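One structure below.
The values are calculated or read from the model by the stated rules, or taken from the named source; none is laboratory data. The structure presented is a predicted model; accordingly, all values stated were derived computationally and were not measured. Every residue, glycine as well, gets a Cβ built from its backbone with ideal geometry; the counts of neighbours run over all protein chains shown. To get the accessible areas, we keep the full protein, side chains included, count just its heavy atoms, and leave off ligands, DNA and RNA. Shrake-Rupley method; radii C 1.70, N 1.55, O 1.52, S 1.80 Å.
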Amino acid sequence: MVINSKLFTVSILSLLLLISCQEELQKGSDLSASELAYIRARAAAKCVSESNTDFSDYEDSSNSVMLNSERENTWKLEYKKDNTVIETSYIYVWKVSSPFVYYRIKLTEAGVVKNQFLKVDTTTNDEMMRNLQEQDCAKTLDVAVGPSSMTVNVDSGLATEDSSTLAKYEKDYRLITSYPAYFGSLNRKITKKSYNNSDVLQKTEVFDYVFTNTSDTTLPDTYNDASIVNAEYCVVTNTTAVLPDTLDNYTFPFTLTCTTSDTAGPDGNGDTVEDFDPATELVI
């Protein structure tokens, strides 16, 4: 029998590599919890370093668009079920006062209209996106970053919905540099898949919330105009950074802390300090 020396050498090297990998896996299984935590932290730090440029570019673009927006700029938010428009909401720029931008969100939900005045600043906007970066690198969120957009994918496992139905949800949140990070919680697509008790797919439904730039809208001169019904005053909910962490923490999807009082505004981080004084700040 003639042995091909090159093939034999490659085979031996492959075998040695396999044995080496198995040994490394065995060693890995013997690591302590603190050692594994250190390895994960080091990998996350490397991920953050490598993705800094993408996130910095996104921050710069988003903040620039925010600060260069003008009062009465308008977006339309259409809620569609299987491509049929069910309800339409609107978002308006109420006031720009660098580094702050104030938005009026006119939401229609189940036929009920409410108006949320949202205060956002560029630092908050930066920190919200950096939170997404940290969570992506820690593998607790699935974030895809492009030159002018991000998509955050959040999927739920199969769960009982009623006695004969199981369902799971696939949620894609879309963040675009032409508006602040918070609006990514509104600009979303939800795919619901329903199964019977034998795990056989019964139907798929798509719920899409679509942002579209539209022409400027004439707004009332005062925030407490009678036409602005069911008013709330809001900031994005967060928890204050604890050293060595220097970023305030924002869970995703982002949520709001709101009040209905224009004299006792919202406290987004629970430190008992008002973060938004509507009666003063919303004056044009």
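For the chain, the Cβ-based charge dipole about the Cα centre amounts to some 1040 debye (Lys, Arg positive; Asp, Glu negative; other atoms uncharged).
Among ILE228, ILE39, the order of accessible area from largest down is ILE39, ILE228, computed with a 1.4 Å probe on protein heavy atoms. You can think of it this way: the chain between SER61 and CYS47 has 2.9 nm of extra reach, that is 0.36 nm per residue less the Cα-Cα gap. For the chain, the relative contact order works out to 16 percent when only alpha carbon pairs closer than 8 Å and six or more residues apart are counted. Compute the Cα gyration tensor for segment 54-110, then decide on rounded, prolate or oblate, letting a ≥ b ≥ c be the square roots of its eigenvalues: rounded whenever a/c is under 1.5, prolate when a/b is larger than b/c in the other cases, and oblate in all that remain. Oblate, because a/c is 1.5 or more while a/b does not exceed b/c.
In terms of its C-alpha gyration tensor, segment 62-151 comes out oblate, because a/c is 1.5 or above while a/b does not outweigh b/c. Peptides 80-86, 181-187 ordered by packing proxy, namely the average of other Cβ atoms within 10 Å per residue, highest first: 181-187, 80-86. When the C-alpha to C-alpha distance is required to be over 31 Å, the pairs from LYS46/LYS95; LYS139/LYS193; LYS46/LYS203 that qualify are LYS46/LYS95; LYS46/LYS203.
SER34 exposes around 80 Å² of accessible area when a 1.4 Å probe is run over every protein chain in place.
Between the Cα long axis of helix 5-29 and the first principal axis of the chain there is an angle of about 50°, rounded to the nearest 10. Computed extension length for ASN153-LEU247: 31.6 nm, one decimal, from 0.36 nm per residue of separation with the Cα-Cα distance subtracted.
Taking the DSSP beta bridges with both ends in the chain, the antiparallel portion is around 95 percent.
Sequence-ordered 3J(HN,Hα) estimates for segment 59-72 from the Karplus curve with 6.51, -1.76 and 1.60 and θ = phi - 60° stand at 4, 4, 5, 4, 5, 4, 5, 4, 6, 9, 6, 10, 3, 5 Hz, glycine and proline given as x. A 1.4 Å probe run over the protein chains yields, for segment 165-284, 50 Å² of accessible area per residue, whole-number rounding. Here LYS76 is the anchor, and the aspartates and glutamates within straight C-alpha reach of less than 15 Å, apart from those fewer than 8 places off in the same chain, are GLU87, GLU109, ASP208, ASP216. Between the Cα long axis of helix 122-137 and the first principal axis of the chain there is an angle of about 20°, rounded to the nearest 10. Measuring nothing but protein heavy atoms, the accessible surface of segment 138-284 at 1.4 Å probe radius is 51 percent carbon and sulfur.
Counting only residues at least eight positions apart within a chain, or on another chain, the lysines with an alpha carbon under 16 Å from that of LYS80 are LYS171, LYS189, LYS192.
Using Cβ point charges alone (K and R +1, D and E -1), the dipole size of segment 139-284 about the Cα centre works out to roughly 920 debye. Dimensions of the chain based on its C-alpha atoms, expressed as ranges along the principal axes with the largest first, amount to 95, 49, 35 Å.
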